[in-house]
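Notes to accompany the following structure.
No lab work stands behind these numbers, since they all come straight from the coordinates. Just so you know, these numbers come straight off a predicted model, no measurement behind them. Virtual Cβ from ideal backbone geometry, glycine too; neighbours counted across all protein chains shown.
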């Protein structure tokens with residue numbers, strides 16, 4: 001895989017209008033939860049380092065062909081990546097990295113945390129789950 005560049009990161013954000021720093025928000029859900037989608041999208045644009053750490057961690061994981069409600073959530077994976085890298089990672093940066101790496105996502109209308117197509121049998125995932 002090539003080195004992550006900021007323009008690729010920004011392109012993923014621009015082409016996914018429901019993606020923001022806090023996750024993947026449907027407009028109705030964002031209004032109900034009082035999430036300022038525009039501000040949170042702008043905040044995500046400053047998370048390039050978090051994105052790079054997420055790409056690095058996710059690149060070590062085995063992926064699945066599809067994602068489902070049973071797939072690990074972006075929120076769970078962001079915490080695993082944080083432990084592995086020793087630094088904070090926003091939910092949105094992790095999701096952006098998954099999209100960048102073409103890892104399958106399953107979005108939900110009632111949650112900002114999509115399922116990410118990472119195998120729960122992956123040694124990297126299992127090690128993170130135990131820690």
Condition first: without any contact (Cβ under 8 Å) to a residue 24 or more places away in the chain, surrounded by 14 or more Cβ atoms within 10 Å (Cβ to Cβ) and either touching a helix residue (DSSP H, G or I) at 6+ places or on another chain (Cβ under 8 Å) or under 13 Å from residue 98 (Cα atoms) (or both). Can you find one or more residues in the range 7-15 that meet it? no
Determine which member of the set 56, 60 is part of a loop (DSSP other than H, G, I, E, B) and surrounded by fewer than 21 Cβ atoms within 10 Å (Cβ to Cβ). 60
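Sort through 78, 83 and tell me the only one that's in contact with a helix residue (DSSP H, G or I) (Cβ under 6 Å, 6 or more places away or on another chain), part of a helix (DSSP H, G or I) and over 14 Å from residue 101 (Cα atoms). Walk me through it before giving the result.
Numbers: 83 fails: in contact with a helix residue (DSSP H, G or I) (Cβ under 6 Å, 6 or more places away or on another chain).
It is 78.
When the residues of the range 119-131 are narrowed to those that are in contact with a strand residue (DSSP E or B) (Cβ under 9 Å, 6 or more places away or on another chain) and part of a helix (DSSP H, G or I), which ends up surrounded by the fewest Cβ atoms within 10 Å (Cβ to Cβ)? Walk me through it before giving the result.
Kept after step one, since they are in contact with a strand residue (DSSP E or B) (Cβ under 9 Å, 6 or more places away or on another chain), are these residues of the range 119-131: 119, 122, 124-125.
With the extra rule that they be part of a helix (DSSP H, G or I), the set shrinks to 124-125.
On the way: 124: 17, 125: 19.
Among those residues, the one meeting the criterion is 124.
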The correct count of residues that are assigned to a loop (DSSP other than H, G, I, E, B) and within 15 Å of the chain's Cα centre (by Cα) in the range 88-118 is 8
